[in-house]
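Beneath this line is the structure, given in structure tokens, with notes to follow.
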Amino acid sequence: MTDKQNTVAGSCLWLHYTRPRPHWYLVPAEKQGELQAAWAAIAQAAQGKGALYQGRYHIRGQHDFETVDVWTFASSQAAFDYWNTLVSAKYSEFFAFSNNIGLALSGEHGAGASRIEHRL
Amino acid sequence: MTSLTGDTDVFTSDANPRACIVLTGKRQDDLPGIYGAQERDAILAVFQALKAEGWVLSQRHVFDPSAPNDPVGLDTGFTHDHDIAAVFEAPTLDAALQGTVRLEQAGWARLFRTEWMIGLREFAPVFGERASNDHAWAFLALWEWNDQWCEATPQARTEYDFECDEAFKGDLAHDVNISGRQRLDVAHHWHHLGYWEISGPDVADSAIRGHERVADFKFTTSRHIVGRIRPMAELIAPFGSIKAIA
């Protein structure tokens, strides 16, 4: 497979599980607001580059984490670039996380978005 | 790419980071007709294709590019809940992820229940003092910064990094070769992998005591895996054909 196949918008799922780290609750509200605005701008910029943000869902009732964000990116590298920008903006210092990436299976993500061929 | 923390005396950024693939796998129930020589051959064919596509299938090849690049893994069943572990490298993240699916579809999924972890190399390899010694074993450290590290000041983190560097220098004195550092946080809760070549489990234990002395684990949560390095062809042999390891 070549990188040319990696440029179809929306073909890489990225799941982001998160919860606040304890010291987040000690951060003054004004500072929290500044950080959240910076992270929101990074998310907005990713969407400007073609990423699709499908929303944040509350899962605390059946999970170690509080919420899960659902994104699709053109490639796993694009997902990494978004995540790396968030990390550089101190996001992961205030929020614990677990992430997943997944590629769309052939024929299961709409026309043109196929990524993985069934070989058996 | 930005490293999560800066360079230290021991570690420097890798100028050309490749994607990495880490796996732990547990053999599934041995029911008739599920996994045999046909699937084994298909998996090995995928490995050959991946090698041709630029994958690194043996970390020995990272330390010494003239060393064979045939796939190897760690035999870990003697002390871990999983039977094997392995570390590969791929040209890109997407190639890494696609490769795992190709292996699974070739028959890997019939043999192992697997956790695949995918990320990027961020630090270059580091050689031990007698780097060419026999390294028949490997040690994997999966780890993440804990809440206390996240709360700490930048100065406290830098001081901590250099304290840990003392322990890493001790590792090198144990003839440990460290295959740089891999970053896994884009697709896991683990932040990093460290891969060491070692001469045996006692070396890992002794070296980790050095890390405990400098309080390495006050700022990290980690999982350590020790295994004997074996050819992948042996590790994925169908049950009936497994031969006793001399």
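The values are calculated or read from the model by the stated rules, or taken from the named source; none is laboratory data. Just so it is clear, the structure is predicted and the values come from calculations on it, not from any experiment. Every residue, glycine among them, receives a Cβ derived from its backbone with ideal geometry; neighbour counts consider all protein chains shown. Areas reflect the complete protein model, heavy atoms only, side chains present, ligands, DNA and RNA absent. Shrake-Rupley method; radii C 1.70, N 1.55, O 1.52, S 1.80 Å.
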- Task: At 7 Å along the Cα-to-beta-carbon direction for both B:Gln148 and B:Glu129, put a label point, then send me their distance in nm to one decimal.
- Result: 3.0
- Message: I'd like the mean, over residues of A:72-85, of how many other protein chain beta carbons sit within 10 Å of each residue's own Cβ.
- Response: 4
- Query: For the pair B:Ser206 and B:Ala67, how long in nm is the line joining their label points, each one 7 Å along Cα→Cβ?
  - Reply: 2.0
- Note on the structure: In Å³ per residue, the alpha-carbon convex hull of the protein assembly as shown encloses 151
- Task: Report the relative contact order of region A:12-104, percent, no decimals, based on alpha-carbon pairs under 8 angstrom and at least 6 residues apart.
- Result: 53
- Message: Over 20 Å apart: what share of the alpha carbon pairs of region A:12-104 falls there, rounded to a whole percent?
- Response: 35
- Take peptides B:165-177, A:28-40 and line them up by average Cβ neighbours within 10 Å, highest first, as a rough protection proxy. B:165-177, A:28-40
- Task: Quick one: P(r) of chain B from all Cα-Cα pairs, 10 Å bins, percents rounded to integers, in order of increasing distance.
- Result: 7, 32, 36, 19, 6, 1
- Query: How far apart, in nm, are two points set 7 Å out from the Cα along the Cα-to-Cβ line at B:Ala37 and at A:Gln47?
  - Reply: 5.8
- How would A:Tyr91, A:Tyr25 line up by accessible area, probe 1.4 Å, largest first? A:Tyr25, A:Tyr91
- So which helices of chain B fit the span-like rule, where a helix is a whole DSSP H run, its Cα atoms reach 20 Å or more along the axis, and its mean Kyte-Doolittle is at least -0.5? B:37-52
- Partner chain Cβ atoms within 10 Å, averaged over the residues of B:226-239 - can you pull that number for me? 0
- Over the heavy atoms of A:Lys90, what accessible area does a 1.4 Å probe trace out, to the nearest 10 Å²? 90
